[in-house]
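Input: a single structure, listed below in structure tokens.
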Amino acid sequence: MHQQKRQPELVEGNLPVFVFPTELIFYADDQSTHKQVLTLYNPYEFALKFKVLCTTPNKYVVADSAGAVKPQCCVDIVIRHRDVQSCHYGVKDKFRLQVSEQSQRKALGRKEVVAILLPSAKEQKEEEEKRIKEHLTESLFFEQSFQPGLITMAILRT
């Protein structure tokens, strides 16, 4: 008895989509961040075609917003923020990457990537450093106050 190897049927919308990074952060005061790259990976044994959609297409330029990814390959998608204004600070926009099999029209999977414009990279880094220092200080205090050796030493000295 000879069994045929069949490829599993792909259900619409259930195919995992692999994209990095999962969030785009643009800084108004750092022009080098106004252009970023999303990498779409295809770990599958079949070719994929993709399409990039956006909730606010007037704020961004997406180079190659549609295309194909060969099996076991990846493709870079360049996204430029073209409307850097203070009224857009903190607003979360979304990009949706839809993928389908090369010969099919229906979307097999999708992934959303959040994009946000912040006023200053420096302010953001300072805030992040402050949070890390606070966290480390809390961690050290917690470790020191519950070390068995310290409690034993305190008891021996009394």
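The values are calculated or read from the model by the stated rules, or taken from the named source; none is laboratory data. All values reported here derive from a predicted model rather than from experimental measurement. We place every Cβ from the backbone using ideal geometry, glycine too, and count neighbours over all the protein chains shown. Ligands, DNA and RNA are stripped out before the accessible areas are found, and what is left, the full protein with its side chains, is counted by its heavy atoms. Shrake-Rupley method; radii C 1.70, N 1.55, O 1.52, S 1.80 Å.
Worth a mention:
- Overall, the stretch 63-108 carries a charge dipole of about 160 debye about its Cα centre when +1 sits on the Cβ of Lys and Arg and -1 on the Cβ of Asp and Glu, all other atoms neutral.
- Couplings for the stretch 51-65, taken from phi via the Karplus curve 6.51 cos²θ - 1.76 cosθ + 1.60 with θ = phi - 60°, read 9, 10, 10, 9, 6, 9, x, 6, 8, 9, 10, 10, 6, 6, 6 Hz in order; Gly and Pro are left as x.
- Between ASP30 and ALA121, the built amide H atoms are under 5 Å apart, and every one of these is 5 or more places off in sequence or on another chain.
- Average accessible area per residue (Å²) across the stretch 36-127 - probe 1.4 Å, nucleic acids and ligands excluded: 56 Å²
- Those trypsin sites (Lys or Arg not before Pro) in the stretch 53-105 that DSSP places in a loop and that have at most 15 other beta carbons within 10 Å: ARG82, ARG105
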